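The values are calculated or read from the model by the stated rules, or taken from the named source; none is laboratory data. The structure presented is a predicted model; accordingly, all values stated were derived computationally and were not measured. Note that each Cβ is placed from the backbone with ideal geometry, even for glycine, and that neighbours are counted across all protein chains shown. Side chains are part of the model used for accessible areas, which takes the heavy atoms of the whole protein and leaves out ligands, DNA and RNA. Shrake-Rupley method; radii C 1.70, N 1.55, O 1.52, S 1.80 Å.
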Amino acid sequence: EEIDWENRNTIFGKGGLNFFGSKTPENTGGALGVNSFLWRASLDTISFMPVNSADPFGGVILTDWHSPNGVPSERFKLDVYILGQTLRADGVRVAVFRQVLDRSGNWRDDDEFPKGTGTKIEDAILTKARQLRIQSLAK
């Protein structure tokens, strides 16, 4: 008897576990715990920063501290949260943290960076996710 791989029931839910996309409904974009287009777009968008941990089932990506080129006295960290399985404008949240090096050589928290920095990163992730979805539909 032939197995219907797309509709079988497993401990990971209907269809099982698949990191590389499948013939699932358009809005889920794969079989991760969260929307795979948002997941991949998030990793692509923040690829310039070192990733400390990434949980594709919980939808959490935590970066390590990163200093921009030419500015060794400040560093940034991002927490990216993917909030569900659908590709929606409110499906991703980004928290931005900044530290500056004081005169004594210690890092201290500083929240003085352009307002809307997290929103701009969210917008970049959403734009990339839409591009990935369009590419997948064109195949």
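Of all residues in the stretch 76-134, exactly one satisfies the criterion of being charged (D, E, K, R), more than 21 Å from residue 63 (Cβ to Cβ) and touching a Phe, Trp or Tyr at 6+ places or on another chain (Cβ under 7 Å), namely 133. Would you point out the residue of the stretch 46-74, among those that are polar (S, T, N, Q), farther than 17 Å from residue 129 by Cα and within 16 Å of the chain's Cα centre (by Cα), that is surrounded by the fewest Cβ atoms within 10 Å (Cβ to Cβ)? Among those that are polar (S, T, N, Q), farther than 17 Å from residue 129 by Cα and within 16 Å of the chain's Cα centre (by Cα), it is 53. In the stretch 95-119, the residues that are hydroxyl-bearing (Ser, Thr, Tyr) form Cβ pairs under 7 Å with partners that are surrounded by 14 or more Cβ atoms within 10 Å (Cβ to Cβ), at six or more places apart or across chains, as follows: 117/96.
Can you tell me which residues in the stretch 98-112 are of a type outside the set (Asp, Glu) and in a strand (DSSP E or B)? Outline the logic, then answer.
Of all residues in the stretch 98-112, those of a type outside the set (Asp, Glu) come to 98-101, 103-108.
98, 99, 100, 101, 107, 108 - these are the residues of the stretch 98-112 that are of a type outside the set (Asp, Glu) and in a strand (DSSP E or B).
Does at least one position in the stretch 122-138 carry a residue that is open to solvent by less than 50 Å² (accessible area, probe 1.4 Å), of a type in the set (Asp, Glu) and touching a Lys or Arg at 6+ places or on another chain (Cβ under 6 Å)? Within the stretch 122-138, none of the residues are open to solvent by less than 50 Å² (accessible area, probe 1.4 Å), of a type in the set (Asp, Glu) and touching a Lys or Arg at 6+ places or on another chain (Cβ under 6 Å). Within the stretch 75-88, does at least one residue satisfy the condition of being at pLDDT below 95, over 10 Å from the mean Cα position of the chain (by Cα) and open to solvent by less than 40 Å² (accessible area, probe 1.4 Å)? Taking every residue of the stretch 75-88 in turn, at least one turns out to be at pLDDT below 95, over 10 Å from the mean Cα position of the chain (by Cα) and open to solvent by less than 40 Å² (accessible area, probe 1.4 Å). Looking across the stretch 34-92, the residues that are in contact (Cβ under 8 Å) with a residue 40 or more places away in the chain and among the small types (Gly, Ala, Ser) come down to 41, 42, 84, 91.
Within the stretch 109-119, the set of residues being under 15 Å from residue 77 (Cα atoms) and open to solvent by 100 Å² or more (accessible area, probe 1.4 Å) comprises 109, 111, 112.
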